[in-house]
Structures are given as structure tokens and as C-alpha cells.
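The values are calculated or read from the model by the stated rules, or taken from the named source; none is laboratory data. Everything numeric here is computed off the predicted structure, so don't read it as measured data. Glycine also receives a Cβ, built like all others from the backbone with ideal geometry; neighbour counts cover every protein chain displayed.
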Amino acid sequence: MTVPPPSSLPSGPSGPSGPSAPSSPPSGPPAPAPPAGPYGPGGAGAPRPPLSGLAVGSLVLSSLVCLAPLGLVLGIVALVRIPRTGRRGKGLAIAGTGVGGVLVVLTALLLVIGGARFTVWTEEGESLFGPREPKAGTLFDLKAGDCFAPAGGLFSAQEGEDLRMTDPSVEIVPCDGPHPAQVYGTFRLKGDHAISDPAAIVAQAFEGCAPLLHDFAPDTWTLPAVEFSFYYPESVSGTGGDRTVRCWLGAEAGLPEASLRQDPGTWDAGQLAYLKAMRPSDEAWSSVPEQVDTDLAAATAWAERMAEGGAESAKLLRAVDGLPARARGPVIALANRLDALSGIHRSASRAATRAEFDQRWAVDGDEDASGEEWEARLVLGLPVEDEEEDGGEQQG
């Protein structure tokens with residue numbers, strides 16, 4: 001910014017017409033004009049005061065959205081100090097204060113109205129300005145939270161080939177519109193064998209997707225009737241080195257026109273503690289392998305996970321604090337039931353034959369704790385299925 005040179009000093013009280021002013025110009029040749037100096041005619045004037053660094057910093061920082069509050073503060077400090085120090089830059093400080101103040105106010109308004117989102121797209125497929133448009137892509141473009149429709153349909157018409165995709169094309173769509181599937185988590189396969197051993201891939205995918213599901217939707221009881229599945233790479237060359245497993249929920253008839261992600265903030269402390277205690281058991285149940293009815297090794301490994309998960313949930317349920325008094329009895333009954341089932345599942349995990357496994361698994365004719373869990377959820381105020389309505393099987 002260019003600062004004009006200081007103006008000439010005003011005439012004294014007498015002025016050129018004062019008592020001492022001569023009545024006529026003096027005789028003789030006129031006096032030579034003084035040489036021009038850096039501050040205009042009249043020689044060297046007083047040097048300009050230095051520029052305020054606070055004023056400059058205020059304007060610069062206020063121009064950066066994320067640092068606008070700091071620019072606002074520096075501008076205010078500069079306006080207070082400039083009159084005392086005599087430095088230049090009052091205009092800069094005023095500008096920095098104004099810009100910073102406007103940005104701070106606008107940001108606060110955005111947060112109050114609906115939450116300022118400074119990323120172009122969110123995980124759920126929405127932007128600051130509304131839902132994004134459908135976008136063509138492939139399976140390799142899918143991220144956690146994406147809702148999508150695969151070109152070839154969710155499931156193959158041939159039984160046993162539902163995990164094999166002949167066409168990787170997908171349409172990534174907004175979750176607040178019709179969509180058949182949603183990705184609830186992703187993870188990378190581990191180990192050098194991961195791409196060369198399909199059985200190892202499937203086993204790792206089942207175990208890896210289960211905890212991601214409970215991060216995404218901790219209360220699986222309230223999920224609609226859905227299939228739990230995943231996409232995995234069959235070869236490194238076919239995916240360009242991508243080892244990512246994409247875990248998803250889907251239904252042939254389509255999912256509800258909303259994201260299935262659950263917000264833990266909707267539960268009270270007792271409900272949240274109960275859901276956390278039930279997570280080990282629920283994760284084990286969700287990790288049931290597809291070949292559980294045909295592969296004894298897969299079945300016994302799952303039974304072992306069920307035994308460990310049930311025992312851990314029973315322990316956590318007994319240790320939960322802050323439950324309503326009316327809930328204590330049903331919760332302890334559920335813990336007792338899980339302990340009993342844990343013993344049955346551990347016995348089944350040691351079976352030597354398929355027939356022996358089936359016999360040990362159903363030793364008491366009842367292989368789950370749905371009745372006790374229904375009672376516990378009811379007294380805790382969590383959603384339950386009406387016994388008089390045929391609402392389909394709940395996940396839990």
C-alpha cells in the first residue's frame with residue numbers, strides 16, 4: 001500500500017499577512033528554490049513510522065478460513081496498540097478485524113443450522129449442499145458407508161456362487177433413495193497366502209467383517225431383514241494389488257431409503273452398557289461361515305468362537321453398573337443362559353464327526369438365548385419384536 005508523504009506544516013498564527021510580513025517583495029534576484037528531497041520539495045522531512053506487524057498478520061490470517069479467529073484477535077490487538085505506539089497500519093487492522101469477524105460469524109451460523117461440513121462428500125454420500133448424484137464405478141471404488149447397486153445384481157442365480165462377481169461395475173447412489181446394498185466396513189487381507197488360498201480368504205473375511213458390522217450398527221436386532229456378505233479379491237493381478245475386503249448388507253427387495261448406520265447417542269447409559277456387553281456374543285454369532293453345514297472344520301471353529309463370545313458377554317453382563325432395578329433379574333438370567341450355551345458350544349467345537357457336532361450343538365433342543373435376550377431388551381426399553389406379529393427373524 002502506498003502512503004502519501006506528510007503534508008506541509010500549516011502557517012503560523014501570524015501567517016504571511018501578519019505584522020512582520022513585508023509590504024513589498026525584497027529587491028534583488030529571487031532566492032533559489034531548495035533542492036527536492038525524498039519527501040518532496042523542502043528537503044528531508046520526518047521519517048515514516050514503521051508498519052504494525054500485528055495489523056499485517058491480522059489481514060493475512062483472516063483471509064485463511066481456518067485461521068480467521070486468530071486474525072480477528074490480532075486485528076483487535078493491533079487497533080488497541082497502534083495509537084500508543086504510533087505505528088502505521090490502522091487500515092490493515094480494521095480490514096483484518098472485519099474479514100475475520102465475518103468468517104467467524106458465518107462459521108458459527110453454519111454449525112448452528114446444521115453442522116458445517118468442509119469435505120465435499122461424506123461417507124453417507126451427502127455433501128454440504130445436499131445428496132450427491134448417482135455415480136458409476138466399480139467394486140474397488142466402494143468405501144465404508146457407501147450405498148450401491150451392482151450391475152449384475154447382489155446374488156448369483158447359481159447357488160454357492162453369490163460371492164463371485166462376473167461384472168465388477170456398480171452404481172454408487174445416495175443412501176436416502178432406493179438402494180439394494182450398503183458397505184458397512186472394509187479391511188485388508190493379511191498374510192502372503194491371502195490371495196492364493198480362497199478358503200483362507202473366506203475365513204478371514206467372516207472374522208474380519210463381524211466386528212466392523214457392530215461398529216456400524218451396534219444393535220443388530222433392529223436391522224431390517226438383510227443378508228450379510230462381502231466382496232473379496234481373488235487375485236492380485238485382477239485387482240491391481242488391491243487386498244481390500246468390502247463388507248456389506250443387502251436385500252434383493254432393497255434396503256430402507258436411509259443409511260443403516262446407527263448413532264450410539266440415541267441410547268441411554270444402561271442401554272449402551274447392555275449393547276457393549278452383548279457385543280462379543282453377537283460378533284461370534286455374526287461370524288457364522290457360509291459352509292457351516294458342510295465343512296466340519298469351519299463349523300467347529302465357529303462353535304469355539306461362540307463359546308468364547310458367549311462366556312465373555314455373560315461376564316460383562318454381570319459386571320454392568322447403572323441398570324434399572326427391574327432389569328437386573330432378566331439381565332442375570334440372560335448371562336446364565338449364555339454361560340450354559342457356552343459350555344454346549346465348546347463341547348461341539350471338539351466334535352470328531354459331523355453327526356457328533358450336530359448332536360452336541362443341539363443337546364438341549366434350544367441353541368440360542370433369544371427368549372432371555374427378548375426379556376432383557378424389553379425391560380431396558382430397547383426395540384423388540386412383538387410376539388403376536390410375524391416380523392421375521394431378528395439378528396442378534
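Criterion first (under 26 Å from the mean Cα position of the chain (by Cα), part of a helix (DSSP H, G or I) and closer than 30 Å to Pro150 by Cα) does Glu257 satisfy it? Taking the combined requirement at face value, the residue does not satisfy it. Taking the numbered list (1) over 20 Å from the mean Cα position of the chain (by Cα); (2) modelled with pLDDT under 65; (3) exposed (fewer than 14 other Cβ atoms within 10 Å of the Cβ) in turn, Ala136 passes all entries but (2).
Is the range 329-338 home to any residue that is of a type in the set (S, T, N, Q), modelled with pLDDT of 90 or more and in contact with a Ser or Thr (Cβ under 6 Å, 6 or more places away or on another chain)? No, that holds for no residue. Could you please give the count of residues in the range 262-308 that are over 30 Å from the mean Cα position of the chain (by Cα) and either in a loop (DSSP other than H, G, I, E, B) or of a type outside the set (Gly, Ala, Ser) (or both)? So the answer is 12. Summed over the range 154-177, the residues that are of a type outside the set (A, V, I, L, M) and modelled with pLDDT of 75 or more give a count of 7. Remark: Ala217 falls outside the filter, which requires a residue to be more than 22 Å from the chain's Cα centre (by Cα) and either at pLDDT below 85 or under 27 Å from Ala151 (Cα atoms) (or both). Scanning the range 341-362 for residues that are over 25 Å from Leu316 (Cα atoms) and either assigned to a helix (DSSP H, G or I) or among the polar types (S, T, N, Q) (or both) yields Thr353, Arg354, Ala355, Glu356, Phe357, Asp358, Gln359, Arg360.
Taken together, Phe228, Phe148 contain a single residue that is at pLDDT 85 or above, outside any loop (DSSP other than H, G, I, E, B) and out of contact with any Pro (no Cβ under 7 Å at 6 or more places or on another chain), which is Phe148.
Hey, any hits in the range 30-51 for a residue that's at pLDDT 50 or above and under 25 Å from Ala108 (Cβ atoms)? Scanning the range 30-51 turns up no residue that is at pLDDT 50 or above and under 25 Å from Ala108 (Cβ atoms). It is to be established whether one or more residues within the range 329-340 are among the polar types (S, T, N, Q), assigned to a strand (DSSP E or B) and farther than 15 Å from Pro211 by Cβ. No, the conditions are met nowhere in the range 329-340.
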